[in-house]
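Structure first, then comments.
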Amino acid sequence: MSDGGLAARVGGSVGAFDREEWNALAGADNPFDSHEFLTALEDSGSVGPGTGWQPTPLVISEEGGPLLAAMPAYLKGHSQGEYVFDHSWADAFERAGGRYYPKLQIAAPFTPATGPRLLLSDQNYARPLLAAAEQLCLQNGFSSAHATFIEPTQVPLFEAAGWLLRSDIQFHWLNRGYATFDDFLATLSSRKRKDLRKERAAAQDQVEIVRLSGSAIQPEHWDAFWHFYQDTGARKWGHPYLTREAFDLFGERMGERILLVLALQDDEPIAGALNFIGSDALYGRYWGCTRDIRFLHFELCYYQAIDAAIELGLSRVEAGAQGGHKLARGYEPVETVSAHWIADPGFREAVADFLERERAGVAMDRNYLERRTPFRKG
(Lines give C-alpha, C1' and ligand atoms only; values in the text may rest on other atoms or scores of the structure.)
Protein backbone atom coordinates (compact mmCIF):
# COMPACT_ATOMS: atom_id res chain seq x y z
CA MET A 1 0.00 0.00 0.00
CA SER A 2 1.45 3.38 -0.95
CA ASP A 3 0.40 7.04 -1.16
CA GLY A 4 2.78 9.13 -3.20
CA GLY A 5 6.16 8.87 -1.49
CA LEU A 6 4.65 7.18 1.55
CA ALA A 7 4.45 3.43 2.01
CA ALA A 8 2.14 1.64 4.43
CA ARG A 9 3.30 -1.69 5.83
CA VAL A 10 1.69 -4.35 7.96
CA GLY A 11 3.89 -5.98 10.58
CA GLY A 12 3.53 -9.34 12.24
CA SER A 13 4.33 -7.83 15.64
CA VAL A 14 5.17 -4.55 17.32
CA GLY A 15 8.45 -6.20 18.27
CA ALA A 16 9.40 -6.27 14.58
CA PHE A 17 9.78 -2.48 14.69
CA ASP A 18 12.57 -0.48 16.28
CA ARG A 19 11.77 0.38 19.89
CA GLU A 20 13.09 3.93 19.74
CA GLU A 21 11.24 4.71 16.51
CA TRP A 22 7.98 3.30 17.86
CA ASN A 23 8.27 5.13 21.18
CA ALA A 24 9.16 8.39 19.44
CA LEU A 25 5.68 8.21 17.88
CA ALA A 26 3.92 6.86 20.96
CA GLY A 27 5.34 9.52 23.28
CA ALA A 28 5.62 9.27 27.04
CA ASP A 29 2.06 10.18 28.01
CA ASN A 30 0.34 6.80 27.80
CA PRO A 31 2.07 3.59 28.96
CA PHE A 32 -0.20 1.30 26.94
CA ASP A 33 0.99 2.53 23.54
CA SER A 34 4.63 1.97 24.44
CA HIS A 35 6.81 -0.59 22.72
CA GLU A 36 7.50 -2.09 26.15
CA PHE A 37 3.85 -2.76 27.01
CA LEU A 38 2.80 -4.04 23.61
CA THR A 39 5.82 -6.33 23.17
CA ALA A 40 5.35 -7.67 26.71
CA LEU A 41 1.92 -8.88 25.59
CA GLU A 42 3.45 -10.45 22.48
CA ASP A 43 6.48 -12.06 24.12
CA SER A 44 4.41 -13.48 26.99
CA GLY A 45 1.88 -15.13 24.68
CA SER A 46 -0.96 -12.96 25.98
CA VAL A 47 -1.63 -11.98 22.36
CA GLY A 48 -0.72 -14.00 19.29
CA PRO A 49 -1.53 -17.55 18.14
CA GLY A 50 -4.42 -19.15 19.94
CA THR A 51 -5.62 -15.97 21.67
CA GLY A 52 -7.85 -14.43 19.01
CA TRP A 53 -5.62 -11.33 19.14
CA GLN A 54 -3.18 -11.53 16.22
CA PRO A 55 -0.81 -8.52 16.17
CA THR A 56 -1.25 -6.62 12.90
CA PRO A 57 0.42 -3.23 13.46
CA LEU A 58 0.23 -0.75 10.61
CA VAL A 59 3.02 1.76 9.96
CA ILE A 60 3.77 4.48 7.45
CA SER A 61 7.21 5.57 6.34
CA GLU A 62 9.06 6.86 3.32
CA GLU A 63 11.25 4.41 1.45
CA GLY A 64 14.17 3.55 3.71
CA GLY A 65 13.19 6.20 6.24
CA PRO A 66 12.09 6.09 9.88
CA LEU A 67 8.52 5.47 10.97
CA LEU A 68 6.27 8.48 10.43
CA ALA A 69 3.05 6.98 11.83
CA ALA A 70 1.95 3.75 13.45
CA MET A 71 -1.19 2.03 14.64
CA PRO A 72 -1.35 -0.76 17.23
CA ALA A 73 -3.84 -3.11 15.57
CA TYR A 74 -4.96 -6.72 15.92
CA LEU A 75 -6.79 -9.19 13.75
CA LYS A 76 -9.62 -10.41 15.97
CA GLY A 77 -11.47 -13.70 15.78
CA HIS A 78 -13.88 -12.78 18.59
CA SER A 79 -15.00 -9.73 20.59
CA GLN A 80 -13.44 -10.58 23.96
CA GLY A 81 -11.20 -8.23 25.94
CA GLU A 82 -12.34 -5.04 24.22
CA TYR A 83 -14.83 -3.47 26.69
CA VAL A 84 -16.80 -1.87 23.84
CA PHE A 85 -19.42 -4.47 23.14
CA ASP A 86 -20.30 -5.31 19.53
CA HIS A 87 -21.64 -8.84 20.00
CA SER A 88 -25.10 -7.75 18.83
CA TRP A 89 -23.58 -6.31 15.66
CA ALA A 90 -21.81 -9.59 14.97
CA ASP A 91 -25.01 -11.57 15.54
CA ALA A 92 -27.06 -9.30 13.28
CA PHE A 93 -24.52 -9.33 10.45
CA GLU A 94 -24.10 -13.10 10.53
CA ARG A 95 -27.87 -13.70 10.68
CA ALA A 96 -28.07 -11.63 7.49
CA GLY A 97 -25.52 -13.92 5.83
CA GLY A 98 -22.38 -11.87 6.45
CA ARG A 99 -19.12 -12.86 8.13
CA TYR A 100 -18.24 -10.49 10.97
CA TYR A 101 -14.97 -12.13 11.99
CA PRO A 102 -12.14 -11.56 11.44
CA LYS A 103 -12.19 -7.85 12.12
CA LEU A 104 -9.44 -5.29 12.73
CA GLN A 105 -9.16 -3.95 16.29
CA ILE A 106 -7.14 -0.77 16.89
CA ALA A 107 -6.51 -0.83 20.61
CA ALA A 108 -4.27 -1.57 23.54
CA PRO A 109 -5.42 -5.14 24.25
CA PHE A 110 -7.44 -5.81 27.40
CA THR A 111 -7.09 -2.14 28.37
CA PRO A 112 -10.16 0.12 28.62
CA ALA A 113 -8.03 3.25 29.09
CA THR A 114 -8.12 6.29 26.84
CA GLY A 115 -5.09 6.90 24.68
CA PRO A 116 -3.90 7.77 21.18
CA ARG A 117 -4.82 5.12 18.64
CA LEU A 118 -2.90 6.87 15.86
CA LEU A 119 0.75 7.35 16.72
CA LEU A 120 1.73 10.29 14.56
CA SER A 121 4.82 12.39 13.93
CA ASP A 122 2.48 14.83 12.16
CA GLN A 123 -1.33 15.01 12.11
CA ASN A 124 -1.24 14.96 8.30
CA TYR A 125 -0.41 11.26 8.47
CA ALA A 126 -3.72 10.43 10.15
CA ARG A 127 -5.72 10.12 6.96
CA PRO A 128 -3.18 7.93 5.11
CA LEU A 129 -2.93 5.67 8.16
CA LEU A 130 -6.70 5.27 8.42
CA ALA A 131 -6.93 4.74 4.67
CA ALA A 132 -4.34 1.96 4.99
CA ALA A 133 -6.48 0.29 7.66
CA GLU A 134 -9.55 0.51 5.43
CA GLN A 135 -7.60 -0.88 2.47
CA LEU A 136 -6.28 -3.74 4.57
CA CYS A 137 -9.86 -4.69 5.45
CA LEU A 138 -11.10 -4.45 1.87
CA GLN A 139 -8.22 -6.45 0.40
CA ASN A 140 -8.61 -9.26 2.92
CA GLY A 141 -12.39 -9.38 3.31
CA PHE A 142 -12.45 -8.15 6.91
CA SER A 143 -15.90 -6.88 7.87
CA SER A 144 -14.82 -3.82 9.82
CA ALA A 145 -12.22 -1.88 11.79
CA HIS A 146 -12.73 -0.58 15.33
CA ALA A 147 -10.69 1.91 17.36
CA THR A 148 -11.57 1.91 21.04
CA PHE A 149 -11.03 4.37 23.93
CA ILE A 150 -9.69 7.10 21.69
CA GLU A 151 -7.91 10.07 23.23
CA PRO A 152 -10.35 13.02 22.92
CA THR A 153 -7.97 15.10 20.77
CA GLN A 154 -7.89 12.32 18.16
CA VAL A 155 -11.64 11.82 17.83
CA PRO A 156 -11.93 14.53 15.12
CA LEU A 157 -9.34 12.67 13.02
CA PHE A 158 -11.57 9.60 12.86
CA GLU A 159 -14.67 11.69 12.31
CA ALA A 160 -13.03 13.56 9.42
CA ALA A 161 -12.22 10.20 7.82
CA GLY A 162 -15.90 9.24 7.94
CA TRP A 163 -15.67 6.64 10.71
CA LEU A 164 -18.78 6.17 12.86
CA LEU A 165 -18.45 7.40 16.45
CA ARG A 166 -19.79 5.63 19.50
CA SER A 167 -20.01 7.08 23.03
CA ASP A 168 -19.97 5.37 26.40
CA ILE A 169 -19.35 6.33 30.03
CA GLN A 170 -16.51 5.64 32.42
CA PHE A 171 -15.85 6.99 35.90
CA HIS A 172 -12.67 9.01 36.39
CA TRP A 173 -11.39 10.86 39.43
CA LEU A 174 -10.38 14.42 38.55
CA ASN A 175 -7.68 16.23 40.51
CA ARG A 176 -8.73 19.84 41.01
CA GLY A 177 -5.47 20.93 42.56
CA TYR A 178 -5.78 18.95 45.79
CA ALA A 179 -2.74 18.85 48.07
CA THR A 180 -4.10 16.02 50.24
CA PHE A 181 -6.89 13.46 50.35
CA ASP A 182 -8.56 15.62 53.01
CA ASP A 183 -8.66 18.51 50.52
CA PHE A 184 -10.62 16.25 48.19
CA LEU A 185 -12.92 15.10 51.02
CA ALA A 186 -13.70 18.74 51.83
CA THR A 187 -15.45 19.06 48.45
CA LEU A 188 -17.92 16.27 49.26
CA SER A 189 -21.22 16.54 51.05
CA SER A 190 -21.01 15.99 54.80
CA ARG A 191 -22.65 12.57 54.67
CA LYS A 192 -20.47 11.30 51.83
CA ARG A 193 -17.36 12.64 53.52
CA LYS A 194 -18.19 10.65 56.66
CA ASP A 195 -18.95 7.53 54.60
CA LEU A 196 -15.58 7.62 52.86
CA ARG A 197 -13.69 8.14 56.10
CA LYS A 198 -15.50 5.19 57.67
CA GLU A 199 -14.75 2.97 54.69
CA ARG A 200 -11.06 3.84 54.73
CA ALA A 201 -10.77 3.34 58.47
CA ALA A 202 -12.53 -0.03 58.36
CA ALA A 203 -10.33 -1.34 55.55
CA GLN A 204 -7.05 0.00 56.94
CA ASP A 205 -7.77 -1.33 60.41
CA GLN A 206 -7.38 -4.93 59.22
CA VAL A 207 -4.35 -4.71 56.94
CA GLU A 208 -1.03 -3.05 56.31
CA ILE A 209 -0.93 -1.33 52.93
CA VAL A 210 2.26 -0.92 50.90
CA ARG A 211 2.89 0.70 47.53
CA LEU A 212 5.64 -0.68 45.31
CA SER A 213 7.17 0.53 42.08
CA GLY A 214 10.22 -0.20 39.95
CA SER A 215 12.83 -2.53 41.42
CA ALA A 216 10.91 -2.71 44.71
CA ILE A 217 8.48 -5.10 42.98
CA GLN A 218 10.07 -8.52 43.46
CA PRO A 219 9.12 -11.88 41.87
CA GLU A 220 7.28 -12.92 45.03
CA HIS A 221 5.08 -9.84 44.73
CA TRP A 222 4.18 -10.80 41.16
CA ASP A 223 3.53 -14.38 42.33
CA ALA A 224 1.06 -13.07 44.89
CA PHE A 225 -0.60 -10.71 42.44
CA TRP A 226 -0.90 -13.49 39.86
CA HIS A 227 -3.10 -15.41 42.28
CA PHE A 228 -5.26 -12.33 42.82
CA TYR A 229 -5.51 -11.70 39.07
CA GLN A 230 -6.42 -15.30 38.28
CA ASP A 231 -9.25 -15.29 40.81
CA THR A 232 -10.77 -12.05 39.51
CA GLY A 233 -10.25 -13.00 35.86
CA ALA A 234 -11.88 -16.38 36.27
CA ARG A 235 -14.96 -14.79 37.87
CA LYS A 236 -15.28 -11.90 35.39
CA TRP A 237 -14.18 -13.27 32.03
CA GLY A 238 -14.08 -17.04 32.40
CA HIS A 239 -10.29 -17.09 32.04
CA PRO A 240 -7.53 -14.51 32.57
CA TYR A 241 -6.33 -12.68 29.47
CA LEU A 242 -2.72 -12.21 30.58
CA THR A 243 -0.19 -14.96 31.16
CA ARG A 244 1.98 -15.12 34.26
CA GLU A 245 5.03 -14.09 32.22
CA ALA A 246 3.34 -10.84 31.19
CA PHE A 247 3.64 -9.48 34.71
CA ASP A 248 7.35 -10.29 34.89
CA LEU A 249 7.90 -8.51 31.58
CA PHE A 250 5.91 -5.47 32.70
CA GLY A 251 8.14 -5.27 35.74
CA GLU A 252 11.36 -5.74 33.76
CA ARG A 253 10.54 -3.38 30.90
CA MET A 254 8.48 -0.64 32.50
CA GLY A 255 8.64 -1.11 36.26
CA GLU A 256 8.98 2.62 36.94
CA ARG A 257 5.62 3.13 35.24
CA ILE A 258 3.89 0.62 37.53
CA LEU A 259 2.36 1.14 40.96
CA LEU A 260 1.48 -2.09 42.76
CA VAL A 261 -0.62 -1.63 45.91
CA LEU A 262 -0.65 -4.61 48.26
CA ALA A 263 -2.62 -5.31 51.44
CA LEU A 264 -0.74 -7.45 53.97
CA GLN A 265 -1.81 -9.49 56.96
CA ASP A 266 1.04 -10.91 59.05
CA ASP A 267 3.38 -9.82 56.22
CA GLU A 268 1.46 -11.97 53.75
CA PRO A 269 -0.14 -10.28 50.69
CA ILE A 270 -3.86 -11.01 50.74
CA ALA A 271 -5.04 -8.46 48.14
CA GLY A 272 -3.58 -6.16 45.52
CA ALA A 273 -4.30 -3.55 42.86
CA LEU A 274 -2.12 -2.93 39.81
CA ASN A 275 -1.84 0.57 38.33
CA PHE A 276 0.11 2.02 35.42
CA ILE A 277 1.51 5.55 35.61
CA GLY A 278 1.17 7.98 32.71
CA SER A 279 2.50 11.50 32.46
CA ASP A 280 -0.83 12.96 33.57
CA ALA A 281 -2.96 10.03 34.73
CA LEU A 282 -2.92 6.95 36.92
CA TYR A 283 -4.56 3.97 35.24
CA GLY A 284 -6.10 1.35 37.51
CA ARG A 285 -6.06 -2.01 35.76
CA TYR A 286 -6.36 -5.16 37.86
CA TRP A 287 -7.35 -6.15 41.38
CA GLY A 288 -7.86 -9.33 43.32
CA CYS A 289 -7.85 -10.84 46.81
CA THR A 290 -7.66 -14.12 48.68
CA ARG A 291 -9.58 -12.90 51.74
CA ASP A 292 -12.82 -10.97 51.79
CA ILE A 293 -12.40 -7.80 53.84
CA ARG A 294 -15.14 -5.20 53.78
CA PHE A 295 -14.28 -2.02 51.84
CA LEU A 296 -10.79 -3.28 50.92
CA HIS A 297 -11.60 -3.19 47.21
CA PHE A 298 -12.54 0.49 47.49
CA GLU A 299 -9.42 1.26 49.54
CA LEU A 300 -6.90 -0.41 47.24
CA CYS A 301 -8.46 0.45 43.89
CA TYR A 302 -9.96 3.90 44.45
CA TYR A 303 -8.71 5.66 47.58
CA GLN A 304 -5.09 4.56 47.30
CA ALA A 305 -5.17 5.61 43.64
CA ILE A 306 -6.42 9.06 44.64
CA ASP A 307 -3.65 9.34 47.24
CA ALA A 308 -1.04 8.35 44.67
CA ALA A 309 -2.36 10.69 41.99
CA ILE A 310 -2.23 13.62 44.41
CA GLU A 311 1.32 12.75 45.49
CA LEU A 312 2.48 12.36 41.87
CA GLY A 313 0.72 15.53 40.70
CA LEU A 314 -1.44 13.68 38.17
CA SER A 315 -4.64 15.23 36.87
CA ARG A 316 -6.87 12.15 36.93
CA VAL A 317 -7.36 8.51 37.81
CA GLU A 318 -8.91 6.23 35.21
CA ALA A 319 -10.27 3.28 37.15
CA GLY A 320 -11.31 1.03 34.28
CA ALA A 321 -14.60 0.02 32.72
CA GLN A 322 -18.08 0.06 34.27
CA GLY A 323 -18.64 0.42 38.01
CA GLY A 324 -21.43 2.75 39.05
CA HIS A 325 -20.26 2.28 42.65
CA LYS A 326 -17.31 4.54 41.78
CA LEU A 327 -19.68 7.51 41.60
CA ALA A 328 -20.30 7.58 45.37
CA ARG A 329 -16.55 7.60 45.90
CA GLY A 330 -15.83 10.79 44.00
CA TYR A 331 -15.26 9.35 40.53
CA GLU A 332 -17.18 11.34 37.92
CA PRO A 333 -18.92 10.24 34.71
CA VAL A 334 -16.73 10.94 31.66
CA GLU A 335 -17.48 10.26 28.02
CA THR A 336 -15.35 7.70 26.18
CA VAL A 337 -15.42 7.38 22.41
CA SER A 338 -14.76 4.61 19.93
CA ALA A 339 -14.72 4.82 16.11
CA HIS A 340 -15.92 2.19 13.65
CA TRP A 341 -15.43 1.62 9.92
CA ILE A 342 -17.86 -0.82 8.29
CA ALA A 343 -17.12 -2.24 4.85
CA ASP A 344 -20.67 -3.30 3.84
CA PRO A 345 -22.79 -0.21 2.99
CA GLY A 346 -26.06 -1.70 4.20
CA PHE A 347 -24.57 -2.90 7.46
CA ARG A 348 -22.88 0.46 7.93
CA GLU A 349 -26.22 2.23 7.56
CA ALA A 350 -27.83 -0.06 10.13
CA VAL A 351 -24.99 0.51 12.62
CA ALA A 352 -25.14 4.27 12.07
CA ASP A 353 -28.87 4.25 12.87
CA PHE A 354 -28.24 2.19 16.00
CA LEU A 355 -25.48 4.53 17.17
CA GLU A 356 -27.65 7.60 16.74
CA ARG A 357 -30.32 6.13 19.01
CA GLU A 358 -27.77 4.76 21.48
CA ARG A 359 -26.00 8.13 21.69
CA ALA A 360 -29.15 9.83 22.94
CA GLY A 361 -29.53 7.24 25.70
CA VAL A 362 -25.88 7.56 26.76
CA ALA A 363 -26.24 11.35 26.97
CA MET A 364 -29.30 10.97 29.19
CA ASP A 365 -27.45 8.51 31.43
CA ARG A 366 -24.49 10.82 31.81
CA ASN A 367 -26.71 13.76 32.64
CA TYR A 368 -28.46 11.65 35.28
CA LEU A 369 -25.15 10.54 36.79
CA GLU A 370 -23.68 14.06 36.83
CA ARG A 371 -26.58 15.20 39.02
CA ARG A 372 -25.79 12.44 41.52
CA THR A 373 -22.12 13.02 42.22
CA PRO A 374 -21.26 13.22 45.95
CA PHE A 375 -19.90 16.76 45.79
CA ARG A 376 -21.33 19.65 47.79
CA LYS A 377 -23.95 21.55 45.84
CA GLY A 378 -23.88 25.32 45.49
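The values are calculated or read from the model by the stated rules, or taken from the named source; none is laboratory data. Here the structure is a predicted model, which is why all the values come from computation and not from measurement. Every residue, glycine as well, gets a Cβ built from its backbone with ideal geometry; the counts of neighbours run over all protein chains shown. What goes into the accessible areas is simple: the full protein's heavy atoms, side chains included, and nothing from ligands, DNA or RNA. Shrake-Rupley method; radii C 1.70, N 1.55, O 1.52, S 1.80 Å.
For the reader, a short list of remarks on this structure follows.
- Charge context of LEU300, other residues only, Cβ under 15 angstrom, K/R +1, D/E -1: 0
- Two-site FRET efficiency, ALA160 against HIS239, from Cβ-Cβ distance with R₀ of 22 Å, rounded to 0.05: 0.05
- Environment charge at SER143 (Cβ cut-off 11 Å; Lys +1, Arg +1, Asp -1, Glu -1): +1
- Counted as membrane-span-like here are DSSP H helices of the chain whose alpha-carbon atoms extend 20 Å or more along the helix's own axis and whose Kyte-Doolittle mean is -1.0 or above; these are 126-140, 345-370.
- Positive minus negative residues near THR243 (Lys, Arg vs Asp, Glu; Cβ under 14 Å): -4
- Over every Cα atom in the range 1-149, the radius of gyration and the widest Cα-Cα span, Dmax, amount to 15.0, 46 Å.
- Residues in the range 299-329 that a label on GLU256 would reach, taking backbone N under 20 Å of a point 7 Å out along Cα→Cβ: 308-315
- Distances between every pair of Cα atoms in the chain, grouped in 20 Å steps from 0 to the bin holding the largest one, split as 27, 57, 16, 0 percent.
- The ratio of the alpha-carbon radius of gyration of the range 1-71 to the globular-protein estimate 2.2 N^0.38 Å is 1.14.
- Under 17 Å, Cα to Cα: Lys pairs in the chain, sequence gap 8 or more or different chains: 6
- Label zone at ARG95, where the point sits 7 Å out along the Cα-to-Cβ direction: the range 341-375 residues whose backbone N lies under 13 Å: none
- Surface accessible to a 1.4 Å probe, per residue, for the residues of the range 50-130, Å²: 36 Å²
- Computed FRET value (nearest 0.05) for GLU208 with ARG294, which takes r as the C-beta separation and R₀ as 22 Å: 0.85
- For the range 76-150, taking the reciprocal of the average inverse distance between every pair of different Cα atoms yields a Kirkwood hydrodynamic radius of 13.5 Å.
- Mean residue ellipticity, 222 nm, helices only, the chain: the sum of -39500 (n - 2.57) across DSSP H runs of n ≥ 4, divided by residue count and rounded to 500, is -11000 deg cm²/dmol.
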